[in-house]
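The values are calculated or read from the model by the stated rules, or taken from the named source; none is laboratory data. Since the model is a prediction, treat every value here as computed from it, not as a measurement. Counting neighbours? That spans all protein chains shown, and the Cβs are built from the backbone with ideal geometry, glycine included. The protein model used for the area step is the full one, side chains on, heavy atoms only, and it has no ligands, DNA or RNA in it. Shrake-Rupley method; radii C 1.70, N 1.55, O 1.52, S 1.80 Å.
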Amino acid sequence: MRTDKLFLAATLALSAAALDALAQDASDGYVRSAPAGVIVKSPFGMCVRAGYWTPAMANSECDPDLAPKAAAAPPPPPPPPAAAPPKPAAAPKPAHALVVLKADETFAFNKATLTPSARAALDNEVVAKIREIGNVKFINVNGHTDRLGGAQYNQKLSEQRADAVKAYLVSKGVDPSKIETYGFGKTQPVKSCPDQKSRKALIACLAPNRRVEVEIQGQ
């Protein structure tokens, strides 16, 4: 009987020593084996808690329902807005234009009165250019004739044609102070024709010399 008591005491002592050994690494609230430091579990797979365990010590391995959840990762920042495509550079406005109107299409032969086709040509070729340039510095209207007839007659005719073009441009809203008219008579031909041709053929040959030039200069 005494022997059994001694055996029981020895067993209890050994058990206490074993528990002390297991509990020596239980700083996180769970009993761990020494020296491996593995959490001790019951035959049912449950972690053995230390006597001072509190829910605040719960970890995801032993008490997943009590362990604090890891903070969700913040959503990625939105992508930067796409850069707007660069606007195409505006085409530069022309600064200068020279429009040549054939006199035979603008005036009747030996006349200084604008024909309907002349007004259409001025609208489409001159007024349109003036609006395209926008800020106009000056407009020169130069009248020319062919060599048929006297110098004084041709000089006057070239001036009258230039004045007729200016009057039409002013009627279309062009500032008259920016328009200068010049008559060059027959002094600046662009084509030469022999005299031996018939008068009708000569008039047709000299047609390029009968012209009005409109020079538009922008600022």
About the Cα centre of the chain, what is the dipole size in debye to 20, counting +1 per Lys and Arg Cβ and -1 per Asp and Glu Cβ, all else neutral?
-> 1760
Asserting the computed 222 nm helical MRE of the chain (DSSP H runs at least 4 long, -39500 (n - 2.57) per run, divided by residue count, to nearest 500) equals -9000 deg cm²/dmol
Kindly report the accessible area of region 91-162 per residue (heavy atoms of protein chains, probe 1.4 Å, no ligands, DNA or RNA), in Å².
-> 53
Got a sec to turn the phi values of region 179-193 into Karplus ³J(HN,Hα) couplings, 6.51 cos²θ - 1.76 cosθ + 1.60 with θ = phi - 60°, whole Hz, x for Gly and Pro?
-> 10, 10, 10, 9, x, 10, x, 10, 7, 10, x, 10, 8, 10, 9
Calculate the length of the line joining the C-alpha centroid of region 127-194 to that of region 56-84, in whole Å.
-> 84
Relative contact order of the chain, defined on C-alpha pairs under 8 angstrom at six or more residues apart (%) = 20
